[in-house]
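Have a look at the structure below, then the notes.
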Amino acid sequence: MSSGPEEIAQAIARLKAGGVVAFPTETVYGLGADAFNEDAVAKVFALKGRPATNPLIVHVSGSSMARRVAADWPARADRLARSFWPGPLSLVVPKAPDLPSIVTAGLPAVALRSPLHPLTLALIDAADTPIVGPSANRSGHVSPTTAEHVRREFDGGDVLVLDGGPCQGGIESTVVSLLSPTPRVLRLGLVTPEQIAHCLGRIVDIGPAPADEAPVPSPGQLPTHYAPHAPARLVAREAVPALLAERSADAIVVVDTRSHPGVRTVVLPAEAREYAAGLYAALRRADDMNPGLIAIVAPERKNRDGALWDAIVDRLARATAPRP
Ligand code: TXA
Ligand code: MG
């Protein structure tokens, strides 16, 4: 059931009182608190079990609120915001001095985005304050794409969950740094590097910032991330029969765009957008079956939507990376 005006009013009161509110966006659900309230932001870190070294994205209603959080709002930021906001693009710009440094993990820059969801835009507007919003999952776990995912993630925690239905995008926003002359895509997402380059009329770099540019090379881009609880492996479709021969089929759940005879399979659509939208729910469904191994079949990547497949494969690689 989607939240209505009453729940939004409660959420606003929560934010104003320094509490935590989970909110829907077009990408994944976020765990929100007033960005200018240091204690409230600390609660978000604590609830997630998030390392203090990993900065949070700040959600704003648009460019004018962004200017309250940024020390400098360059023309390039304005141009990108005009093209892609509200939408799945986070812009890294110098932070305003009065934004608590806990938000940016001590970094001099802040990531800002305006989310494309009417409930959340209404929330930010009415609360009249920017809100931090890391994905509403425990640190390292799969991001939530429904309100129910969030409730399960923080069962017993003091989190008010606004329900805006399932997220349409399904993977996290593209993060682009505007700190150096050449924009740099730090995290792949639904807005592609080509779209950014086209909008700005210049090439963009992709990947972690070089060490001389950033104190933390690529905060938050930990190798293991977005991971289910069960061990997960990225495999070729042809390798599935051998896996089944190696272990009992009961111990395995396969995630693929096709079903496999004789083994439990969570089937995802073959088109990139639909695959992305369903991916995290599929990983959670696979996890719920309590397998000894989740075998994710590397998607076929049709010729179209190459950049979106890159973003998807980035998430799959992290979900299946060796755990510390
Ligand atoms: O789609 C999204 O971006 C979702 C929804 C809720 O908006 N949020 C999200 O937040 O994915 P989180 O905290 O799970 O991921 C934030 C990413 C991390 O990789 C973090 O390191 C990076 O953005 N980031 C945040 N602030 C940054 C900064 N000042 N400089 C560089 N990277 C930053
Ligand atoms: Mg996250």
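Remark: spin-label model distance Glu246-Asp39 equals 5.2 nm, labels positioned 7 Å along the Cα→Cβ axis.
Our estimate of slack between Glu148 and Ala270, defined as 0.36 nm per intervening residue step minus the Cα-Cα distance, is 41.4 nm. Solvent-accessible area of the stretch 10-97 (1.4 angstrom probe, protein heavy atoms only): carbon and sulfur portion equals 52 percent. Charge tally around Ile206: other residues with Cβ under 11 Å, Lys/Arg +1 each, Asp/Glu -1 each, net -2. For the chain, the dipole from Cβ point charges (+1 on Lys and Arg, -1 on Asp and Glu) about the Cα centre works out to 440 debye, to the nearest 20. Here the stretch 232-319 is treated with +1 on each Lys and Arg Cβ and -1 on each Asp and Glu Cβ, and its dipole about the Cα centre works out to around 60 debye. Solvent-accessible surface of the chain, averaged per residue with a 1.4 angstrom probe and all protein chains in place: 42 square angstrom.
For the residues Asn137, Asn290, Asn54, a GNM of the chain with alpha-carbon springs under 10 Å puts the largest fluctuation on Asn290. In this simple spin-label approximation, Asp205 and Ala9 carry label points 7 Å from Cα along the Cα→Cβ vector, and these lie 5.1 nm apart. Among Gly262, Gln168, Pro51, whose Cα projects farthest towards the positive end of the dipole of the chain, with charges put on the beta-carbon of Lys, Arg (+1) and Asp, Glu (-1)? Of the candidates, Gly262 comes out farthest on the positive side. Applying 0.36 nm per residue to the separation of Thr257 and Glu194 and subtracting their alpha-carbon distance, the gain on full extension is 20.0 nm.
Taking 0.36 nm per residue of separation and subtracting the current Cα-Cα distance, fully stretching the chain between Asp158 and Ser101 would add 18.1 nm. Label sites at Ala71 and Arg323, each approximated as a point 7 angstrom past Cα along Cα to Cβ, lie 4.0 nm apart.
The values are calculated or read from the model by the stated rules, or taken from the named source; none is laboratory data. Keep in mind it's a predicted model, so treat the numbers as computed, not measured. Note: ideal-geometry Cβ built from the backbone for every residue, glycine included; neighbour counts use all protein chains shown. SASA here: full protein model, heavy atoms, side chains in, ligands and nucleic acids out. Shrake-Rupley method; radii C 1.70, N 1.55, O 1.52, S 1.80 Å.
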